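Before any comments, here is the structure.
Derivation of every value follows stated rules applied to the coordinates shown; laboratory data play no part. The shown structure was predicted, so the numbers you read here are calculated from the model rather than taken from an experiment.
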Amino acid sequence: MVEYIVYRLGGLLEADDKLSVMGLSSAGELPPEDMELYNCASTVLRKFGVEGRHSVGAAVRTRSGKLYAALDLRSRKSAICAEPGAISAAHSAGDYELEAIIAVCRSRDGSRLIPISPCGSCRELIHYHQPECRVLFEYDGSVVNVKAAELFRFPLIQV
Ligand SMILES: [Zn+2]
């Protein structure tokens with residue numbers, strides 16, 4: 001049995017200044033700690049992402065409550081996802097207990113940042129380091145919160 005939480009989209013967000021600033025117009029009713037994680041990943045992408053070099057921002061929250069963020073790295077011939085960078089940043093601070101992770105990329109029209117499901121390599125990586133880590137991503141119109149150990153039940157989604 002898959003244990004996951006689905007946050008339905010819609011409602012409520014127009015009244016929240018923080019959310020409208022971050023451009024999350026349809027990503028639902030996340031609990032504050034997960035909203036903070038989303039905002040952290042969004043901020044690193046919006047603030048430091050360079051067109052042509054970066055297209056994804058990721059943030060991980062550890063059991064200590066700290067957040068670590070990273071960008072993906074792209075060149076003409078290779079690419080490294082953002083999630084390993086965020087995990088490595090946590091590990092590099094001696095903070096190993098991963099609690100939740102999220103990665104975001106721009107929607108096609110650029111109007112918002114979408115929580116995306118990890119690629120196969122990142123799924124394996126997250127699971128290897130913390131099978132209980134929660135992974136948040138948009139799926140079928142909702143933000144899903146699922147343990148890394150259960151990620152393989154969800155298809156890879158092209159945004
Ligand atoms: Zn990946």
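Values computed for the structure shown
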| quantity | calculated |
| --- | --- |
| Built amide H within the under 5 Å cut-off of GLU29, gap 5+ | ARG8 |
| Difference of contour (0.36 nm per residue) and Cα-Cα distance, GLU51 to ASP140 | 29.3 nm |
| Whole-Hz ³J(HN,Hα) from phi, Karplus 6.51 cos²θ - 1.76 cosθ + 1.60, for region 125-139, glycine and proline x | 5, 4, 4, 4, 7, 6, x, 8, 4, 7, 10, 10, 7, 7, 8 |
| HN-Hα J in Hz across region 59-69 - Karplus 6.51, -1.76, 1.60, θ = phi - 60°, x for Gly and Pro | 9, 10, 10, 9, 5, 6, x, 7, 10, 10, 10 |
| Long-range amide H partners of ILE116 with built H, under 5 Å | ALA103, VAL104, CYS105, GLU138 |
